[in-house]
1. Please name all residue pairs, on different chains or six or more residues apart, with Cβ atoms under 7 Å, provided the first residue is in the stretch 190-212 and is over 16 Å from residue 126 (Cα atoms) and touching a residue at least 24 places away in the same chain (Cβ under 8 Å) and the second residue is open to solvent by 10 Å² or more (accessible area, probe 1.4 Å) and of a type in the set (Phe, Trp, Tyr).
2. Determine if the stretch 207-222 includes at least one residue that is within 27 Å of residue 144 (Cα to Cα) and out of contact with any Pro (no Cβ under 6 Å at 6 or more places or on another chain).
3. It is to be established whether one or more residues within the stretch 76-87 are out of contact with any strand residue (DSSP E or B) (no Cβ under 6 Å at 6 or more places or on another chain), surrounded by fewer than 19 Cβ atoms within 10 Å (Cβ to Cβ) and at pLDDT below 95.
4. Out of curiosity, is residue 218 open to solvent by 30 Å² or more (accessible area, probe 1.4 Å), more than 15 Å from the chain's Cα centre (by Cα) and of a type outside the set (A, V, I, L, M, F, W, C)?
5. What's the number of the only condition in (1) in contact (Cβ under 8 Å) with a residue 60 or more places away in the chain; (2) surrounded by fewer than 14 Cβ atoms within 10 Å (Cβ to Cβ) that residue 63 fails to meet?
6. Within the stretch 34-54, can you find the residues that are open to solvent by 60 Å² or more (accessible area, probe 1.4 Å), in contact (Cβ under 8 Å) with a residue 40 or more places away in the chain and within 28 Å of residue 114 (Cα to Cα)?
7. How many residues, within the stretch 111-123, are crowded, with 18+ Cβ neighbours inside 10 Å and more than 19 Å from the chain's Cα centre (by Cα)?
Amino acid sequence: MSTNAVLQALRDAEHTSCSAIKCYLRCPQQWAHRYLLRTRPSHRNSALLVGSALHEVAAEFYEYFRQHAEDPPVDLLTDAFDDCWNRGVSGDPPVKADDVGAEKDMGINLTRVFHEKVPRPQEVLAVEHPFALPVTTLAPESTSDLLVVGALDAVVVDQDGHVTIVELKSAARRWSTDQLVHDLQPTLYQIAARETGIAEAPKLRMDFVLKTKRPDLEMVSVLRTRAQEVELGRVFSEVLRAIENEIFYPVRSWACDDCEFGYACK
């Protein structure tokens, strides 16, 4: 079974994920619309479509490097973005954007920046590597029987010989120090790498494709402690307990204006 097929099979079964937990932390009512009620979204945000297409670009880059130990042609990456974008904009519900064509052009430009600036590894060990961990691995006190499912964007050996987990993100601006320190994803990926035998203590790198006035790629190394791993387990356990007890309430913020379930909340 291919890596994509394994990941899809894991996601088709009942599970939770870091994205779902973060969704609940942002707005429990949005979580209910997305994961429980399966409310039809009014639209899809173009920023998410750009992010999905850039993830395909990164996967194409690392898979080509894994097989050939050399850079892929930039056209291979721009074609990957183009294919993913075209599939996305033709889907339903419609994509919300001021100018869809301009968004696509920006994404192609970001793809070229990624190809130019992404660090070349010594070796690529895995691309979109799936994992599934029992919640009790993260939080032994939890009573949940769910699996936490996810995928590591890329596992590489960097130029210094360290096994490194690479996570790609697209962002309109640079993340603050607080965001980098407290984001749950790198913490979960560190645990997943250890539990699945990839590396006992991998380096963690977040690559930000920045949609700034001058597009850029910024690589940030982050560290996670044992205390942060314990806290992640507690957060996952408590969120799942709240969901089990049907605690769903709205969190009103600037994000409501662009929420695809806003019409249902109103």
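1. 208/175
2. no
3. Yes, the stretch 76-87 has at least one match.
4. Yes: the conditions hold for residue 218.
5. The number of the failed condition is (2).
6. Correct list: 44 only.
7. 2
Conditions (1) open to solvent by less than 10 Å² (accessible area, probe 1.4 Å); (2) in contact with a Leu (Cβ under 7 Å, 6 or more places away or on another chain); (3) farther than 15 Å from residue 129 by Cβ; (4) at pLDDT 95 or above, marked per residue:
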{"position": "147", "(1), (2), (3), (4)": "no, yes, yes, yes"}
{"position": "154", "(1), (2), (3), (4)": "yes, no, no, yes"}
{"position": "161", "(1), (2), (3), (4)": "no, no, yes, yes"}
{"position": "164", "(1), (2), (3), (4)": "yes, no, no, yes"}
{"position": "176", "(1), (2), (3), (4)": "no, no, yes, yes"}
{"position": "179", "(1), (2), (3), (4)": "no, no, yes, yes"}
{"position": "182", "(1), (2), (3), (4)": "no, no, yes, yes"}
{"position": "185", "(1), (2), (3), (4)": "no, no, no, yes"}
{"position": "188", "(1), (2), (3), (4)": "yes, yes, no, yes"}
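The values are calculated or read from the model by the stated rules, or taken from the named source; none is laboratory data. Just so it is clear, the structure is predicted and the values come from calculations on it, not from any experiment. With ideal geometry, Cβ positions are generated from the backbone for all residues, glycine too; neighbour counts draw on all protein chains shown. Protein only, heavy atoms only, side chains kept; ligands, DNA and RNA dropped before computing areas. Shrake-Rupley method; radii C 1.70, N 1.55, O 1.52, S 1.80 Å.
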